[in-house]
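Following: one structure in structure tokens, then a few remarks.
The values are calculated or read from the model by the stated rules, or taken from the named source; none is laboratory data. Because the structure is predicted, anything quoted here is derived from the model rather than measured. Please note: Cβ atoms are built from the backbone with ideal geometry, for glycine as well, and neighbour counts cover all protein chains shown. Quick note on the areas: whole protein, heavy atoms, side chains included, nothing else; ligands and nucleic acids left out. Shrake-Rupley method; radii C 1.70, N 1.55, O 1.52, S 1.80 Å.
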Amino acid sequence: MITQRQMFLNHVAQTSDAPLALEIEKGKGIYLYDKEGKSYIDLIAGISVSSLGHSHPQIVDAIQKQTNQYLHTLVYGEFILSPQVQLANLLQKHLPDNLNCTYFVNSGTEATEGALKLAKRYTGRPKIISCKKAYHGSTNGSLSLMSESFFTAPFRPLLPEIHHIEFNNIEDLQAIDEHTACVIMETVRAEIGVMRPSNDYLKKVRERCTEVGALLILDEIQVGCGRTGTLFAFEQYGIVPDILLLAKAFGGGMPLGAFISSKEIMDSLTNNPFLGHITTFGGHPVCCAAGLASLKILTEQKDIVEQVFEKEALFRKMLQHEAILDVRSAGLLMAVQLSSFDQVLGVIHECLKNGLITDWFLFNAEAVRIAPPLTITEDEIIKACSILTAAIDKVCENENGK
Ligand code: PMP
């Protein structure tokens, strides 16, 4: 009889020729369980999604309640749907005044696409500035923001008028000019292997955008919703974007994204042309119910976000090993720098054997990714780090025995 694994390989589209192919039966808290009942500490939370752990009871309850009410009704923006309205309202309470209007979408890349369109429409300008080695999604527009021709060349032609600058380089900010519709960057960069903005870099970016009338889009798809120790990462850098992007953890485990701006800017999507951006499923009521439950937990049970820095410090203390060249972190998003991709792959597979799920980064394959549910406890951090450092030991031993 054909196994589920074989059917997966034959009939589910693959993105690499070496999928981890773990057959998941159940998820609870920081753990995933496979078909044999083996448990795995999920140290990457579905790439920064399950920030409150898998199947958080309050989120599951909100989803179940909403499924009893209604699922899909009509395309986005036509009906008044309580989960959408309540979520948009709670968001604006926790955001600066100019981020008071939310456009809901289904994913991170759609948030990027919507924001790019909004910036072009509002400013009437063609040019877009992105950073080298940035990742903002995989659809055509978002892909065009990538500087790496390895990933983009086979998909040309891409969007025109995209200019790439070096993150943290002040001189490069001169590329932002009167033709620029927007600058898009992550507040803290994830896929490069965790890079924070240095000193007052983001302030300088903000100043330059304001000076020339370009909109600043901050992508917090990966670093928002508490991951870096504040509800939104930009709070730590003394600036406010014109457009904020959320997705991943925002939906509490359900597909939900958003681009958020001022009512004034957002209104430019309602005319010339009207229906300037439309979506059938964006802001699906069940996803918004999950997102609302998740945001309520994050904003009411304040210790979850407040404890992020302590937990980060504990990880850093526990991650001691001579093969670790560097640990870069922004709250509970961390990169453990090793010396080679082979080492990282070895560690990932050794960890998997010992019940721990980790990963590498798109633009830094020599670093191990740590982005656990924010709810991970101190004991669980200690356990996870001991599995990780034992795996590094094992990989080094194997290397030395070569
Ligand atoms: N922006 C950033 C910073 C991301 O990390 C990701 C996903 N890794 C995206 C955008 C795209 O999100 P999605 O996969 O939901 O389209």
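Looking only at residues in the stretch 378-394 that are open to solvent by 10 Å² or more (accessible area, probe 1.4 Å) and touching a residue at least 60 places away in the same chain (Cβ under 8 Å), which one is nearest to residue 303 (Cα to Cα)? I'd like the intermediate steps shown before the answer.
To start, the set of residues in the stretch 378-394 that are open to solvent by 10 Å² or more (accessible area, probe 1.4 Å) comprises 378-380, 382-383, 386-387, 389-390, 393-394.
Filter once more, keeping what is touching a residue at least 60 places away in the same chain (Cβ under 8 Å): 378, 380, 382-383, 386-387, 389, 393.
Working: 378: 14, 380: 17, 382: 20, 383: 22, 386: 25, 387: 27, 389: 28, 393: 34 Å.
Among those residues, the one meeting the criterion is 378.
Looking at the stretch 106-121, which of its residues are touching a helix residue (DSSP H, G or I) at 6+ places or on another chain (Cβ under 8 Å) and near the ligand (Cβ under 9 Å from one of its atoms)?
Our first condition is that a residue be touching a helix residue (DSSP H, G or I) at 6+ places or on another chain (Cβ under 8 Å); within the stretch 106-121, this holds for 106, 108-109, 112-113, 116-118, 121.
The answer is 106, 108, 109, 112.
Restricting to the stretch 121-166, what's the tally of residues that are of a type outside the set (A, V, I, L, M), crowded, with 19+ Cβ neighbours inside 10 Å and on the phi < 0 side of the Ramachandran plot?
Of the residues in the stretch 121-166, 11 are of a type outside the set (A, V, I, L, M), crowded, with 19+ Cβ neighbours inside 10 Å and on the phi < 0 side of the Ramachandran plot.
Consider residue 149 carefully, then state whether it is in the same structural domain as residue 221 (by TED's automatic domain parsing) and closer than 26 Å to residue 235 by Cα.
On the way: in the same structural domain as residue 221 (by TED's automatic domain parsing): yes; closer than 26 Å to residue 235 by Cα: no.
For residue 149, the condition - in the same structural domain as residue 221 (by TED's automatic domain parsing) and closer than 26 Å to residue 235 by Cα - is not met.
Could you check the stretch 255-312 and list, in sequence order, the residues that are within 13 Å of residue 225 (Cβ to Cβ) and within 16 Å of the ligand (Cβ to nearest atom)? Before the answer, list the steps.
Restricting attention to the stretch 255-312, the residues satisfying the condition of being within 13 Å of residue 225 (Cβ to Cβ) are 256-258, 260, 290-299, 304-305, 308.
Hits for the stretch 255-312 are 256, 257, 258, 260, 290, 291, 294.
Among the residues of the stretch 208-231, is there at least one that is touching a residue at least 60 places away in the same chain (Cβ under 8 Å), part of a helix (DSSP H, G or I), within 16 Å of the ligand (Cβ to nearest atom) and open to solvent by less than 10 Å² (accessible area, probe 1.4 Å)? Let's see the steps before the verdict.
To start, the set of residues in the stretch 208-231 that are touching a residue at least 60 places away in the same chain (Cβ under 8 Å) comprises 213-215, 217, 219, 221-223, 225-231.
After this cut, where a residue has to be part of a helix (DSSP H, G or I) as well, the list is none.
Looking through the stretch 208-231, none of the residues is touching a residue at least 60 places away in the same chain (Cβ under 8 Å), part of a helix (DSSP H, G or I), within 16 Å of the ligand (Cβ to nearest atom) and open to solvent by less than 10 Å² (accessible area, probe 1.4 Å).
May I ask you to verify whether residue 39 is of a type outside the set (A, V, I, L, M, F, W, C), away from the ligand (no atom under 16 Å from the Cβ) and closer than 30 Å to residue 360 by Cβ?
Values: of a type outside the set (A, V, I, L, M, F, W, C): yes; away from the ligand (no atom under 16 Å from the Cβ): yes; closer than 30 Å to residue 360 by Cβ: yes.
It is true that residue 39 is of a type outside the set (A, V, I, L, M, F, W, C), away from the ligand (no atom under 16 Å from the Cβ) and closer than 30 Å to residue 360 by Cβ.
Taking helices (runs of 4 or more DSSP H) that fall entirely within the stretch 236-326, which contain at least 3 residues that are without any contact (Cβ under 8 Å) to a residue 60 or more places away in the chain and open to solvent by 60 Å² or more (accessible area, probe 1.4 Å)? Break it down stepwise before answering.
Numbers: elements: 263-266, 285-300, 303-306, 308-318.
Counting at least 3 such residues, we get 308-318.
Any chance the stretch 91-104 includes a residue that's modelled with pLDDT of 95 or more, among the hydrophobic types (A, V, I, L, M, F, W, C) and more than 24 Å from residue 183 (Cα to Cα)?
So the first thing to find is which residues in the stretch 91-104 are modelled with pLDDT of 95 or more, and the list is 91-104.
Narrowing further to those that are among the hydrophobic types (A, V, I, L, M, F, W, C): 91, 95, 99, 101, 104.
If we keep only those that are more than 24 Å from residue 183 (Cα to Cα) too, we end up with none.
No, the conditions are met nowhere in the stretch 91-104.
Are any of the residues in the stretch 146-163 in contact with a His (Cβ under 7 Å, 6 or more places away or on another chain), within 16 Å of the ligand (Cβ to nearest atom), of a type outside the set (D, E, K, R) and closer than 20 Å to residue 247 by Cα?
Of all residues in the stretch 146-163, those in contact with a His (Cβ under 7 Å, 6 or more places away or on another chain) come to 147.
With within 16 Å of the ligand (Cβ to nearest atom) added as a condition, the list becomes 147.
Going one step further and asking which of them are of a type outside the set (D, E, K, R), we end up with 147.
Narrowing further to those that are closer than 20 Å to residue 247 by Cα: none.
Looking for residues that are in contact with a His (Cβ under 7 Å, 6 or more places away or on another chain), within 16 Å of the ligand (Cβ to nearest atom), of a type outside the set (D, E, K, R) and closer than 20 Å to residue 247 by Cα, one finds none in the stretch 146-163, hence no.
When you check residue 88 against the structure, is it touching a residue at least 60 places away in the same chain (Cβ under 8 Å) and surrounded by 11 or more Cβ atoms within 10 Å (Cβ to Cβ), yes or no?
On the way: touching a residue at least 60 places away in the same chain (Cβ under 8 Å): no; surrounded by 11 or more Cβ atoms within 10 Å (Cβ to Cβ): yes.
Against the criterion (touching a residue at least 60 places away in the same chain (Cβ under 8 Å) and surrounded by 11 or more Cβ atoms within 10 Å (Cβ to Cβ)), residue 88 does not qualify.
Filter the stretch 24-55 down to the residues that are open to solvent by less than 50 Å² (accessible area, probe 1.4 Å) and in contact with a Lys or Arg (Cβ under 6 Å, 6 or more places away or on another chain), then identify the one that is farthest from residue 298 (Cα to Cα).
For the stretch 24-55, the residue satisfying everything is 44.
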